[in-house]
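The values are calculated or read from the model by the stated rules, or taken from the named source; none is laboratory data. What you see is a predicted model, and the numbers here were worked out from it, not measured in a lab. With ideal geometry, Cβ positions are generated from the backbone for all residues, glycine too; neighbour counts draw on all protein chains shown. Just the protein is used for accessible areas: all its heavy atoms, side chains included, with ligands, DNA and RNA removed. Shrake-Rupley method; radii C 1.70, N 1.55, O 1.52, S 1.80 Å.
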Amino acid sequence: MPKTLLREVRISRRSALWAVTGLALVALSFAAHPVWNGAPYPSADPDMVAERLKDQSDAVYEGFALPEKYSAKSGRIDTGACYYRGMESIAHIDQPRRDVRSFGLDWSVPDVPETTARDAQRHVRRLLAERGWKLVHEGDRAGASFLELGFRFEDPEGGDQVDVGWNDATTTLFISVYAPCTQVPDGFDEYDWPEADWHPKPPQ
């Protein structure tokens, strides 16, 4: 084989090897990306999340079917920490992400006697079950000096949760409405967020 042709063959083989190596590195990079970053968080508009949690709170409050003398206190939506996923979490142990938040709205109805609390909780359990939510926690406990009644339901589609509790020490219905971690837009500031305030509507 002539030297010139042999040199061209070697160059061609070398080019092919580099091309295959490059493609392999690209493929490896794409394969490693989800392993390093983990499953991505869904994106959400905080205002839409706030409206959803407030609508759920309105539905729960109305669903309690409490007598008019029992009034809910206003609440404000707070955000919670969310963390890195995948192998990246090892590089950021216990370090929350700034661009991902969970959302929670806590409120209460004070001075509710046990019989009324049991009726109210039964009504809301039926309401949530009818909406297709699933019971994920049952917290009724009784001891020598205390009584606690409570439960948690979860929306199987989006992961929102409603947590209801009552105990005979406070005679207060405690309600937490929660939305799981979502990625928020740049510049979101929970401290300057008018949509965070919730004021209960009078029961119908």
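Results, tabulated for the structure shown:
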| item | result |
| --- | --- |
| The stretch 71-123, subset in contact with a Cys (Cβ under 7 Å, 6 or more places away or on another chain) and either of a type in the set (A, V, I, L, M) or at pLDDT below 95 (or both), residue surrounded by the most Cβ atoms within 10 Å (Cβ to Cβ) | VAL100 |
| Selected residue (criterion: farthest from PRO113 (Cα to Cα)) from residues of the stretch 47-62 that are surrounded by 20 or more Cβ atoms within 10 Å (Cβ to Cβ) and in contact with a helix residue (DSSP H, G or I) (Cβ under 7 Å, 6 or more places away or on another chain) | ALA50 |
| Selection within the stretch 155-196 - part of a strand (DSSP E or B) and among the acidic types (Asp, Glu) | ASP163 |
| Residue that is farthest from the chain's Cα centre (by Cα), among those in the stretch 44-80 that are under 22 Å from GLY158 (Cα atoms) and of a type in the set (Lys, Arg) | ARG76 |
| Whichever residue in the stretch 45-71 is assigned to a loop (DSSP other than H, G, I, E, B) and acidic (Asp, Glu) and, among such residues, is farthest from TYR178 (Cα to Cα) | GLU68 |
| Failed item in (1) among the small types (Gly, Ala, Ser); (2) touching a Lys or Arg at 6+ places or on another chain (Cβ under 7 Å); (3) open to solvent by 40 Å² or more (accessible area, probe 1.4 Å), with ALA196 passing the rest | (3) |
| Residue among GLY159, GLY165, GLY139, GLY150 that alone is open to solvent by less than 40 Å² (accessible area, probe 1.4 Å) and farther than 23 Å from VAL112 by Cα | GLY159 |
| Residue that is modelled with the highest pLDDT [pool: residues in the stretch 23-55 that are among the hydroxyl-bearing types (Ser, Thr, Tyr) and within 19 Å of ALA81 (Cα to Cα)] | SER43 |
